[in-house]
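Some notes on the structure that comes next.
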Amino acid sequence: MYERFRNERSRPFFDLLAMVRRQKEMRVVDLGCGTGELTRELHRRLHAKATLGVDGSPAMLARAGANRLPGLQFVRADIAGFAEPGWDLVFSNAALHWVADHGALFARLASLLAPGGQLAVQVPANHAHPTHVVAAELATEPTFAAMLGSFVRRSPVLEGEAYAELLHRLSFAQQRVRQEVYLHPLAGPEEAVEWARGSILTPYRERLTPELFEAFVVRYRARLLRRLGEARPYLLTYRRLLLWASR
Ligand SMILES: C[S@@+](CC[C@H](N)C(=O)[O-])C[C@H]1O[C@@H](n2cnc3c(N)ncnc32)[C@H](O)[C@@H]1O
């Protein structure tokens, strides 16, 4: 299902890329690069001198090998500890919502930029949508709370205004903070469950046995479908923030 929604996921990437100012011989880092397919596009379209794709998942990086180009490299590292300086562009598409404390994170990322460097980040900000709300509700119910050790996935993503203030505090000379609502027409609301399975529900899958995770999904499906109604086709709306700032 992750693959099935790949085109929908790449649209925000190209919107973010369009916000970047191309400069000569850029050194670029792509944090949370996944399989590297879009990192390759980033490298190619910016005519970058060097691009480093960073991801924490060996499974994702195993597939990045197919996307090699001169000047393009991949490395396994945790974004939460990434501290290599000297980048003309720190780029991240749909990954920083997995990293906590955006105040501290953005301060660190800003400190890694070369003079005149740019920061470009796209993060999902759909936490008020029933697909997210229902997952958090279920996780706090006593049966699942006990199995999950009271874990509830809470997005660290801030409101747009908070990012604008943060980027200002970090002394960026210019910035743009955009909110976009992406549309995902689905055959019916039950497809939203499949969408969630490959994204929102993964932190629960990682913490439950396969049997308990299936039980979680059964309850999730029943409650979510009551909440979403019966419209066919079903339009899944997905709010994202696109942030760009320059030194
Ligand atoms: C939704 S994918 C996005 C991949 C790619 N940027 C794209 O747009 O297709 C999120 C990626 O972030 C990676 N990721 C999440 N948290 C991470 C962390 N703390 N350190 C490194 N990579 C991380 C995941 O392994 C995954 O490959």
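Look at (1) in contact with a Pro (Cβ under 8 Å, 6 or more places away or on another chain); (2) closer than 20 Å to Phe172 by Cα and you find that Pro85 fails only one, number (1).
Checked against (1) part of a helix (DSSP H, G or I); (2) within 20 Å of Asn126 (Cα to Cα); (3) touching a helix residue (DSSP H, G or I) at 6+ places or on another chain (Cβ under 7 Å), Glu191 meets all criteria but (3). From the list Ser111, Ser92, which residue is hydroxyl-bearing (Ser, Thr, Tyr) and either in contact (Cβ under 8 Å) with a residue 60 or more places away in the chain or in contact with a Lys or Arg (Cβ under 7 Å, 6 or more places away or on another chain) (or both)? It is Ser92. Set side by side, the residues Val20, Val28, Val99, Val121 differ, and just one is surrounded by 15 or more Cβ atoms within 10 Å (Cβ to Cβ) and within 10 Å of the ligand (Cβ to nearest atom), which is Val99.
I need the full set of residues from the stretch 31-58 which are assigned to a strand (DSSP E or B) and either surrounded by fewer than 16 Cβ atoms within 10 Å (Cβ to Cβ) or away from the ligand (no atom under 13 Å from the Cβ) (or both), in order please.
Of the residues in the stretch 31-58, the ones assigned to a strand (DSSP E or B) are 31, 50-55.
Correct list: Ala50 only.
Restricting the stretch 59-92 to residues that are assigned to a loop (DSSP other than H, G, I, E, B) and in contact with a strand residue (DSSP E or B) (Cβ under 7 Å, 6 or more places away or on another chain), the residue that is surrounded by the fewest Cβ atoms within 10 Å (Cβ to Cβ) is Gly86.
Residues in the stretch 78-96 that are of a type in the set (Gly, Ala, Ser) and more than 23 Å from Pro12 (Cβ to Cβ) were compared, and the one that is nearest to the ligand (Cβ to nearest atom) is Gly81. Looking only at the stretch 156-167, decide whether some residue is of a type in the set (Gly, Ala, Ser), in contact (Cβ under 8 Å) with a residue 12 or more places away in the chain, surrounded by 15 or more Cβ atoms within 10 Å (Cβ to Cβ) and farther than 20 Å from Ala95 by Cα. No, that holds for no residue.
Just so you know, all these numbers are worked out from the coordinates, no wet-lab data involved. As the structure is a computational prediction, the values presented were derived from the model and not from experiment. Here Cβ is always computed from backbone atoms with ideal geometry, including for glycine, and neighbour counts include all displayed protein chains.
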